[in-house]
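Visitor: A single structure is presented below for examination.
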Amino acid sequence: PSMIYRIAGFACLGGFLFGYDLGLISGALLIIQEEWHLSSEEAELIVGGAKFGAFFGTFVGGAVMQKYGRRISIVIASVLFTLGPLIMSFSMDWIGLVVGRLVIGVGIGASAVAVPAYLGEMSAPSNRGTVISMYEVMLCVGMLMSSFVDFCLKDLPWNWRWMVGVPAIPGALMGLGIMWLPESPRWLVYHGDYDGAVQCLRTLRYSIMKNEDSESADHRTTCLVEEELMEVWSQVEKEKEGQREIRRERRRRRSREDELPAEPKPDTVATPRARSESVRGRSGSVSDPTRKCGVVSEMVEGVRHLWEGTERGAFKMALWLAFFNQACASTAIINFMPTLLKSLGLEDNGTAMLLGSTIAGAKMVGVICCTYLIDKVGRRMLLIAGSAIMALGMLGLSFACLAESVLLACLSVVVFMIGFSGSWASANWVIVAEIFTMANKSAAMSTCTAVLFLAGAVTNALFLSLYDLLSGALFLLFAGISAAGGLYVYMKLPETMGRSLSEIQGFFAAMKADREEFGWCKYQISRLPGGHHCFRSYRHRALEDGVEESGDVKHDQEEEVEEVELSALNEDDRPNHHSEL
């Protein structure tokens, strides 16, 4: 296989381990609960520990990835993937299991940020989608494999210890394999190592043309490397300029704060030492502690810039999408599926584990459907339809609990998982990648990933307690959350398929103008299905599919066409800057 698929094979072990952990704990938890007589709260902490760790792991992975490179971030994640299972397998009480789950969670969060970025930057544009989708596919493979391994190990002595300890092997393999792979060319360009970037790109692109003769392959590789290097350099410079603008805005804000006169405190006397400290504070010799933490400070400032800047609307929408992604119990239902089936009357642990593996098969079907449909029907329609299917599955699960039907419960969970994996599991990340500028994308992706893991951790930590309290009515709540997610998409999300970044940001600007002009309440009512009939037409109809462009947009496009035609007529009179470059 070509070099890029070898790279993807080792890097996607992070996705495999993520999926393996999702499926592993659902089966092992049955045996641990029987052996240690765990309460619902203790079981929730064990399951939710991974998501709480992943919340912090996203920031750890983002900071290490930016400072030391994508490859080092993946190596650190592999160390955590190796250490966490070993801690769990040698645990003597449930607290040790929680600690091991937290360690694994940090590795999950770090790999969830670093692996997709590494694969996207190492792959060519022609196969980038296929390479990145391998991460989600390997996640499904890990879920299937964990259910099979749990079933095979259930009758061994110390069975659950073998179950939780086995992932240390692929975790170590991932770290060893990544150590022999090159660093991302984008990161090398960002840090000025152009020779290393050229060598990396030549290795990657030459392996694709191995069937051609040597001279032709070498010539085409050189052309591809030069073109791609210039493209990467251009993108990196735009990103650096965006970060410089954030730093300039931060300096301007601090200078304005320093220029504000301090209000004298009552009953105090300004001593010479106090005046000296005040002068030192204004001059900057006594700095803010966050200034010493360069990477962390930049990430915090990036989030603040998003929240206060022109992309605030897109940022809020992305955070809500991350919340709905996990608040519907999309991962909790995976982790607690065997426990749920046993509560409905299923007695055999092995059968419960095998029936729980149907979720992994349904997830695989959903991922394949999403890959095929996302560029055909659009992201918005996919999310709305997926939310409806998820709500239907949760309603069926509620009826299954009422009737104590194991078969209906399995079918309902399969319907739910197909709806989720065919929409929210993948389309959510595509949308987040499309609605932010290059300068803000890193901070936005890290924050949205952290919110997603935090929402999943809270859902996992409350699932069993709520189920003991509400029984089947709990799934009516999750059905409502799923429906609310689809309604939110209908009201707030523009269709991003085939649209430029400027068009998408124009939609958010128009939505903000509508809210300010017509008021929040009237605007929200108008966005409900059929609500536009209650009031006069709004500009935000541009959110709907098939709406024609405004006259101003058409006029701008006509002017661009005229400029292109004029530039084509005068092309012979211009100097050839490309040859000089």
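The values are calculated or read from the model by the stated rules, or taken from the named source; none is laboratory data. Because the structure is a prediction, the values reported are computed rather than measured. Ideal geometry is used to build each Cβ from the backbone, glycine not excepted, and the neighbour counts take in all protein chains shown. The protein model used for the area step is the full one, side chains on, heavy atoms only, and it has no ligands, DNA or RNA in it. Shrake-Rupley method; radii C 1.70, N 1.55, O 1.52, S 1.80 Å.
Visitor: Please pick out the residue among Ser423, Ser446, Ser405 that is in contact (Cβ under 8 Å) with a residue 60 or more places away in the chain, under 29 Å from Arg312 (Cβ atoms) and of a type in the set (Ser, Thr, Tyr). Break it down stepwise before answering.
Guide: Details: Ser423 fails: in contact (Cβ under 8 Å) with a residue 60 or more places away in the chain; Ser405 fails: under 29 Å from Arg312 (Cβ atoms).
So the residue among Ser423, Ser446, Ser405 that is in contact (Cβ under 8 Å) with a residue 60 or more places away in the chain, under 29 Å from Arg312 (Cβ atoms) and of a type in the set (Ser, Thr, Tyr) is Ser446.
Visitor: Taking Leu102 as the residue in question, decide whether it is assigned to a helix (DSSP H, G or I), at pLDDT 85 or above and open to solvent by 10 Å² or more (accessible area, probe 1.4 Å). Steps first, answer last, please.
Guide: Numbers: assigned to a helix (DSSP H, G or I): yes; at pLDDT 85 or above: yes; open to solvent by 10 Å² or more (accessible area, probe 1.4 Å): yes.
The answer is yes for Leu102.
Visitor: If I filter segment 185-203 for residues that are within 16 Å of Gly19 (Cβ to Cβ) and open to solvent by less than 40 Å² (accessible area, probe 1.4 Å), do I get at least one hit?
Guide: Filtering segment 185-203 for residues within 16 Å of Gly19 (Cβ to Cβ) gives none.
There is no residue in segment 185-203 that is within 16 Å of Gly19 (Cβ to Cβ) and open to solvent by less than 40 Å² (accessible area, probe 1.4 Å).
Visitor: Within segment 325-332, can one find any residue that is touching a Ser or Thr at 6+ places or on another chain (Cβ under 9 Å), outside any helix (DSSP H, G or I), at positive phi and of a type in the set (Gly, Ala, Ser)?
Guide: Step one: filter segment 325-332 for residues touching a Ser or Thr at 6+ places or on another chain (Cβ under 9 Å), giving 326-332.
Going one step further and asking which of them are outside any helix (DSSP H, G or I), we end up with 328-331.
So of that shortlist, the ones also at positive phi come out as 329.
Those still in the list that are of a type in the set (Gly, Ala, Ser) too: 329.
Within segment 325-332, one or more residues are touching a Ser or Thr at 6+ places or on another chain (Cβ under 9 Å), outside any helix (DSSP H, G or I), at positive phi and of a type in the set (Gly, Ala, Ser).
Each row is one residue, and each column tells you yes or no for (1) at pLDDT below 85; (2) over 16 Å from the mean Cα position of the chain (by Cα); (3) farther than 30 Å from Gly350 by Cβ.
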position	(1), (2), (3)
Ser26	yes, yes, no
Glu35	no, yes, no
Ala43	no, yes, no
Gly57	no, no, yes
Gly62	yes, no, yes
Met65	yes, no, yes
Ile72	no, yes, yes
Val75	no, yes, yes
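Visitor: Before we move on, is Val164 among the β-branched types (Val, Ile, Thr), at pLDDT 80 or above, open to solvent by less than 10 Å² (accessible area, probe 1.4 Å) and at negative phi?
Guide: Details: among the β-branched types (Val, Ile, Thr): yes; at pLDDT 80 or above: yes; open to solvent by less than 10 Å² (accessible area, probe 1.4 Å): yes; at negative phi: yes.
Spelling it out, Val164 is indeed among the β-branched types (Val, Ile, Thr), at pLDDT 80 or above, open to solvent by less than 10 Å² (accessible area, probe 1.4 Å) and at negative phi.
Visitor: For residues in segment 297-342 being touching a residue at least 40 places away in the same chain (Cβ under 8 Å) and of a type in the set (Val, Ile, Thr), which is nearest to Glu42 (Cα to Cα)?
Guide: Kept after step one, since they are touching a residue at least 40 places away in the same chain (Cβ under 8 Å), are these residues of segment 297-342: 298-299, 301-303, 305-306, 309-311, 313-315, 317-342.
Narrowing further to those that are of a type in the set (Val, Ile, Thr): 303, 310, 331, 333-334, 339.
On the way: Val303: 34, Thr310: 44, Thr331: 18, Ile333: 17, Ile334: 18, Thr339: 14 Å.
Checking each candidate, the answer is Thr339.
Visitor: Being open to solvent by 10 Å² or more (accessible area, probe 1.4 Å), farther than 22 Å from Leu139 by Cα and of a type outside the set (Ser, Thr, Tyr): is that true of Gly345 here? Steps first, answer last, please.
Guide: Details: open to solvent by 10 Å² or more (accessible area, probe 1.4 Å): yes; farther than 22 Å from Leu139 by Cα: yes; of a type outside the set (Ser, Thr, Tyr): yes.
So Gly345 passes the test.
Visitor: Related question: Against the conditions (1) more than 22 Å from Leu24 (Cβ to Cβ); (2) open to solvent by 10 Å² or more (accessible area, probe 1.4 Å); (3) touching a residue at least 60 places away in the same chain (Cβ under 8 Å); (4) within 28 Å of the chain's Cα centre (by Cα), where does Gly386 fall short? Just the number, please.
Guide: Going through the list (1) more than 22 Å from Leu24 (Cβ to Cβ); (2) open to solvent by 10 Å² or more (accessible area, probe 1.4 Å); (3) touching a residue at least 60 places away in the same chain (Cβ under 8 Å); (4) within 28 Å of the chain's Cα centre (by Cα), Gly386 breaks only (2).
Visitor: Can you pull out every residue in segment 294-328 that is open to solvent by 40 Å² or more (accessible area, probe 1.4 Å) and either over 16 Å from Ala443 (Cα atoms) or modelled with pLDDT of 80 or more (or both)?
Guide: Within segment 294-328, Trp307, Arg312, Lys316, Trp320, Phe323 meet the criteria.
Visitor: Counting only residues that are open to solvent by less than 30 Å² (accessible area, probe 1.4 Å), within 20 Å of the chain's Cα centre (by Cα) and not hydroxyl-bearing (Ser, Thr, Tyr), how many does segment 473-503 have? Even if it seems obvious, please write down each step before you answer.
Guide: So in segment 473-503, the residues open to solvent by less than 30 Å² (accessible area, probe 1.4 Å) come out as 474-475, 478-479, 482, 485-486, 489, 491, 493-496.
Right, trim to within 20 Å of the chain's Cα centre (by Cα) and you get 482, 485-486, 489, 493-496.
Filter again for not hydroxyl-bearing (Ser, Thr, Tyr), leaving 485-486, 489, 493-495.
Total meeting the criteria: 6.
Visitor: Identify, from the list Ser123, Ser91, the residue that is of a type outside the set (A, V, I, L, M), at pLDDT below 85 and open to solvent by less than 60 Å² (accessible area, probe 1.4 Å).
Guide: Details: Ser91 fails: at pLDDT below 85.
When all the criteria are applied, what remains is Ser123.
Visitor: Right, here's the next one. Exactly one condition in (1) open to solvent by less than 40 Å² (accessible area, probe 1.4 Å); (2) free of Cβ contacts under 8 Å to residues at least 40 places away in the same chain is false for Ile368; which is it?
Guide: Just one mismatch for Ile368, condition (1).
Visitor: To continue, here is another question. Collect the residues in segment 33-88 that are charged (D, E, K, R) and either closer than 25 Å to Gly302 by Cβ or open to solvent by less than 30 Å² (accessible area, probe 1.4 Å) (or both), keeping them in residue-number order. Spell out how you get there, then give the answer.
Guide: Keep residues of segment 33-88 that are charged (D, E, K, R), which gives 34-35, 41-42, 44, 51, 67, 70-71.
Listed by number, the residues that qualify are Glu44, Lys51, Lys67, Arg70, Arg71.
Visitor: Can you tell me which residue within segment 342-358, out of those that are modelled with pLDDT of 85 or more and either out of contact with any helix residue (DSSP H, G or I) (no Cβ under 7 Å at 6 or more places or on another chain) or part of a helix (DSSP H, G or I) (or both), is nearest to Gly27 (Cα to Cα)?
Guide: Lys342
Visitor: Out of Glu121, Glu136, report the one residue that is assigned to a helix (DSSP H, G or I), within 14 Å of Ile7 (Cβ to Cβ) and not aliphatic (A, V, I, L, M).
Guide: Values: Glu136 fails: within 14 Å of Ile7 (Cβ to Cβ).
Matching residue, one of Glu121, Glu136: Glu121.
Visitor: Could you identify the single residue in Leu156, Leu173 that is in a loop (DSSP other than H, G, I, E, B), within 29 Å of Gly27 (Cβ to Cβ) and either among the hydrophobic types (A, V, I, L, M, F, W, C) or modelled with pLDDT of 85 or more (or both)? Show your work before the answer.
Guide: Numbers: Leu173 fails: in a loop (DSSP other than H, G, I, E, B).
Sole residue among the options that is in a loop (DSSP other than H, G, I, E, B), within 29 Å of Gly27 (Cβ to Cβ) and either among the hydrophobic types (A, V, I, L, M, F, W, C) or modelled with pLDDT of 85 or more (or both): Leu156.
Visitor: Quick one: Leu470 ticks every box in (1) surrounded by fewer than 16 Cβ atoms within 10 Å (Cβ to Cβ); (2) touching a residue at least 60 places away in the same chain (Cβ under 8 Å) bar one, so which box is it?
Guide: Just one mismatch for Leu470, condition (2).
Visitor: Find the residue count for segment 361-416, including only residues that are under 22 Å from Val430 (Cα atoms), assigned to a helix (DSSP H, G or I) and hydrophobic (A, V, I, L, M, F, W, C).
Guide: Of the residues in segment 361-416, 17 are under 22 Å from Val430 (Cα atoms), assigned to a helix (DSSP H, G or I) and hydrophobic (A, V, I, L, M, F, W, C).
Visitor: Among (1) in contact (Cβ under 8 Å) with a residue 40 or more places away in the chain; (2) closer than 14 Å to Leu17 by Cβ; (3) open to solvent by 10 Å² or more (accessible area, probe 1.4 Å), where does Gly109 come up short?
Guide: Answer for Gly109: the failing condition is (3).
Visitor: So Arg252 ticks every box in (1) assigned to a loop (DSSP other than H, G, I, E, B); (2) of a type outside the set (Val, Ile, Thr); (3) modelled with pLDDT of 70 or more but one. Which box is left unticked?
Guide: The failed condition is (1).
Visitor: Restricting the search to segment 419-439, which residues are open to solvent by less than 10 Å² (accessible area, probe 1.4 Å) and more than 20 Å from Gly386 (Cα to Cα)?
Guide: Ile435, Phe436
Visitor: List the helices (runs of 4 or more DSSP H) inside segment 1-93, counting only whole elements, that have at least 2 residues being closer than 30 Å to Glu183 by Cα and touching a Pro at 6+ places or on another chain (Cβ under 7 Å). It would help to see each step written out before you state the result.
Guide: Working: elements: 3-11, 13-36, 40-68, 70-89.
Passing ranges, in order: 13-36, 70-89.
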